[in-house]
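Right, one structure below, let's go through it.
The values are calculated or read from the model by the stated rules, or taken from the named source; none is laboratory data. Bear in mind the structure is a predicted one, so any value in this text is a computation, not a measurement. All Cβ positions, glycine included, derive from the backbone under ideal geometry; neighbour counts span all protein chains shown. Areas reflect the complete protein model, heavy atoms only, side chains present, ligands, DNA and RNA absent. Shrake-Rupley method; radii C 1.70, N 1.55, O 1.52, S 1.80 Å.
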Amino acid sequence: MTSIIRYITIVLFSFILILSACTQLEEEQGYSGIIVDDKVMGYGYTVSQYDNSLSWKVSYKGSITTIEESIDNKDELEDYMLAVSESKIIHSKLIISLSYFLIVVVIAFLLFKKNRKTLKDSTIVIVLASMIALFIAVDAAYDLSIELQDIKLHYLRLTN
């Protein structure tokens, strides 16, 4: 019975310590520095906080523009950030689908080189796998093109 009470006391004490560590106020620390940054295909941004203001550095191929966040430009800056993040995801999707296509082609080549009969038996699977990979790659390339135009629009609005 004493060991159970001791065990429960230790668990409750640990729980209280963990809970108190998780309830610190964010405003206590007064953070200054880089909050977030991201890049994709020449476009990028860096968000920094100094005291209570946010400073954005938007860039395109080495040209960096510093913008202080205000009520007027807050939505445009957020749209730029979301477009860059979305483009990065689509770019990764494109790379993965093209890599998958390359793997299918290499496997088909190795099967052809090793035994032509094996290749004939698996032709449908190889063709379907390569068509799926190409469809995903073309779709991702189209989406990336649209997203890059969106980034360009937001970048031009912010810098002009």
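Structure notes:
- Within segment 28-62, tally of residues that are open to solvent by 70 Å² or more (accessible area, probe 1.4 Å) and either part of a strand (DSSP E or B) or farther than 22 Å from Gln149 by Cβ (or both): 12
Yes or no, residue by residue, for (1) at pLDDT 85 or above; (2) loosely packed, with under 15 Cβ neighbours inside 10 Å; (3) not in a strand (DSSP E or B):
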position	(1), (2), (3)
Ile64	yes, yes, no
Ile96	yes, yes, yes
Val104	yes, no, yes
Lys117	no, yes, yes
Lys120	no, yes, yes
Val127	yes, yes, yes
